[in-house]
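Every number here is computed from the coordinates shown, using simple stated rules; none is lab data. Here the structure is a predicted model, which is why all the values come from computation and not from measurement. Glycine gets a Cβ as well: all are built from the backbone with ideal geometry, and neighbour counts include every protein chain shown.
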Amino acid sequence: MTDQTHPAASPDPTDPAALAADLREALRPLWRRLGEHRTLSMGKVGILARLDRHGSLTATDLAAHERISHQAVAGAVRELGQMGLVSRSPDPADGRRVLITLTDSGRARLDTERSAGQEWLIHAVTDELSESERATLAAAVPLLGRLDAEGTR
């Protein structure tokens, strides 16, 4: 029998497991809202964004950077190529390899995909957060970016 006079202590919000669970629950609906107007999958947008940041890459390099299977990259690249968003060409340094390059149409589509949900987010940040809360959020953004650093080591 539990003692009703002493409620259980609430979990420490800085405990890594509790913090990870809280962060996941807070990000999930935001991510859904941001993706409502996207026309490409997250994986395809990730491939386009990677090519935009790093230039031409092989499918193997894309798979490693995006942490998805080579088969998934090959299928996505095939579909992106059919849409005219990427092109494939032999690697001038090693003709056995194929480089995947973002086309001008791909860059324009990436810009469109990136802006999907942006207006909603701008209004949410403006309407729902005070100036000091926006400053706190701004300070947290670099920390959130560092959470993925493990995957790039």
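The table below lists the values:
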quantity	calculated
Two-site FRET efficiency, Trp120 against Asp91, from Cβ-Cβ distance with R₀ of 35 Å, rounded to 0.05	0.30
Computed lengthening from Leu30 to Gln82, 0.36 nm per intervening residue step minus Cα-Cα distance	15.6 nm
R0 of 22 Å, Cβ-Cβ distance Ala139-Asp52: FRET efficiency to nearest 0.05	0.25
Long-range HN-HN contacts of Leu57 with modeled amide H, under 5 Å	Ile100
Computed [θ] at 222 nm, helices only, for the chain once each DSSP H run of length n ≥ 4 contributes -39500 (n - 2.57)	-19500 deg cm²/dmol
Counted charge near Trp120, where neighbours are those whose Cβ lies closer than 15 Å (Asp, Glu -1; Lys, Arg +1)	-1
Cβ-Cβ FRET estimate between Leu147 and Thr60, R0 fixed at 35 Å, reported to 0.05	0.90
Sorted peptide list for 28-34, 137-143, 102-108, criterion being average Cβ within 10 angstrom, highest first	102-108, 28-34, 137-143
log10 of Debye I(q)/I(0), alpha-carbon scatterers only, for the chain at 0.08, 0.16 Å⁻¹	-0.36, -1.03
